[in-house]
Amino acid sequence: MKPIEIKKDIFWLGAIDWNLRDFHGYSTEKGSTYNAYLVMGEKKALFDTVKAEFADEFIRDIKSVLGERKLDYIISNHAEMDHSGALPAVMESFHPDKIIVTKAGQDALNRHFHGNNRPFELIKEGDELSLGDKTVQFYGSAMIHWPESMISLLREYRVLISNDIFGQHWATSERFADEVDQGELHWQAAKYYANIFLPTSPAVKKFLEKLEVKGLQYDMVAPDHGLIWRNNLTEIMKAYKAWSNWETKPKAIVIYDTMWESTAKMARAIMHGLSGEGVSARLFDLRTNHRSDIMTELLDARAVILGSSILNSGILPKMADMITYMKGLRPTNKIGASFGSYGWKNTITKMLNEQLEEMKIELADEGISVQYVPEENDLRKCFELGQKIRNMILAK
Ligand code: FEO
């Protein structure tokens, strides 16, 4: 897509990856974008690049803005390959004087692209870079979400180039967050947070506090993925505050996989007990729902209930996948329970409870297991488990 001037002398350029469907296990069903920004001050500075496969069109777009003028600086806010992949090609085409980067960023770039003869200039928290008529201020944002992550404030322009934070994986021709459907925008921003930033929530919280304490002045937030925030900045800041504080709603999610529908019957009975005014409940069969969409629902849920049958003495593979993924994302401030059917060894709730406890999810109940096929009495117990968790949710 052709470059767009998002504020005077600041150009969005980047790549729209319409076909991306998987971002290391995160389902990007609507693609993504890799945003870079070219600032045409007295000095010309490019903030980040794009994935290597888009290098040619990216270089073409930089040339279309730069014309015969020289690119003075590349600011590398983040070394992950979706933002640095095209860096070697851009260096070769434009020979900027400096790559501005943190020490950790320099080390990461050298480990990605090997060799150490690039014109790095190291900066740290609070440092400034003059573009002649304009100033860039740098702020470390370590562990949101890599150790070397950095954000840049274009002080006179009042634009915060925020790197990954505040992004969304969503390919669109629109560039601003106020130009798209707001419900979908919220979902995509929440999905992005749940699947990328959730495990580093304490760092996000600290970072948000830093923005406030330092009194950074900005009226536009330009992330490295998805849409740029301007008119609805307050909403995204409010959402990030809630997510990074692990705030929950009266909501429960039931996640299960099943062999012969016994565990599915139990799941539906639990849902029946959970449902009713005041509690929002969602049911996810792992055969038809993607782990990253489930994580999005889990983000603000107060309770999570896991169900599986036993296969070869273990839990079903799709549940094992879900648990591995969930564990890495460290959901916090939840209550939980387990259920499932078994054939000859009654260990399903023990296995699932151990996983929940490892995730520091408070067990609301010891769980319910049923041999082979649940009878009416078993389903009544499942219903009661749902009711019990419902009451606990309402009491919190
Ligand atoms: Fe979008 Fe951490 O890279």
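Some values worked out for this structure:
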| item | result |
| --- | --- |
| Gain upon complete extension [ALA320, ASP22; 0.36 nm per residue less C-alpha separation] | 105.4 nm |
| Kirkwood Rh in Å, taken over all unlike Cα pairs in segment 17-91 | 13.1 |
| Residue-averaged [θ]222 nm for the chain, counting only DSSP H segments that reach four residues, each worth -39500 (n - 2.57) | -10500 deg cm²/dmol |
| Heavy-atom accessible surface of the chain: percent carbon and sulfur, 1.4 Å | 50 |
| Chain lengthening between LYS249 and ASN110 when straightened (0.36 nm per residue, less Cα-Cα) | 45.6 nm |
| Per residue, in Å², the accessible surface of the chain once ligands and nucleic acids are set aside, probe 1.4 Å | 42 |
| Rounded accessible area of LEU87 (nearest 10 Å², 1.4 Å probe) | 10 |
| Highest-fluctuation residue, GLN106, GLN371, GLN168 considered, GNM on the chain with Cα pairs under 10 Å | GLN371 |
| Kirkwood hydrodynamic radius over Cα pairs of segment 304-364, then Stokes diffusion coefficient at 10 °C and 1.306 mPa s, in µm²/s | 137 |
| Solvent-accessible surface ranking, highest first, for ARG158, ARG69 at 1.4 angstrom | ARG69, ARG158 |
| Solvent-accessible surface ranking, highest first, for GLU29, GLU376 at 1.4 angstrom | GLU376, GLU29 |
| Cα-derived Rg to Rh of the chain, Kirkwood definition | 1.06 |
| Dimensionless Rg/Rh of segment 229-325 - Kirkwood Rh, Rg from C-alpha atoms | 1.07 |
| Residue order for TRP18, TRP187 - accessible surface, 1.4 angstrom probe, largest first | TRP18, TRP187 |
| J(HN,Hα) series, segment 310-316, from Karplus relation 6.51 cos²θ - 1.76 cosθ + 1.60, nearest Hz, glycine and proline x | 9, 10, 6, 6, x, 7, 5 |
| Counting DSSP beta bridges with both ends in the chain, the antiparallel % (nearest 5) | 45 |
| Part-to-part distance (alpha-carbon centres) for segment 206-265 and segment 322-356, which is given in Å | 24 |
| Two-decimal Rg/Rh across segment 264-314, once Rg and the Kirkwood Rh are taken from alpha-carbon atoms | 0.99 |
| For segment 96-231, alpha-carbon Rg over 2.2 N^0.38 Å | 1.11 |
| Net charge of neighbours whose Cβ lies under 10 Å from the Cβ of ASP224, counting Lys and Arg as +1 and Asp and Glu as -1 | -4 |
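The values are calculated or read from the model by the stated rules, or taken from the named source; none is laboratory data. Because the structure is a prediction, the values reported are computed rather than measured. Positions of Cβ are backbone-derived with ideal geometry, glycine not excepted, and every protein chain shown enters the neighbour counts. Heads up: the accessible areas ignore ligands, DNA and RNA and are worked out on the full protein's heavy atoms, side chains in. Shrake-Rupley method; radii C 1.70, N 1.55, O 1.52, S 1.80 Å.
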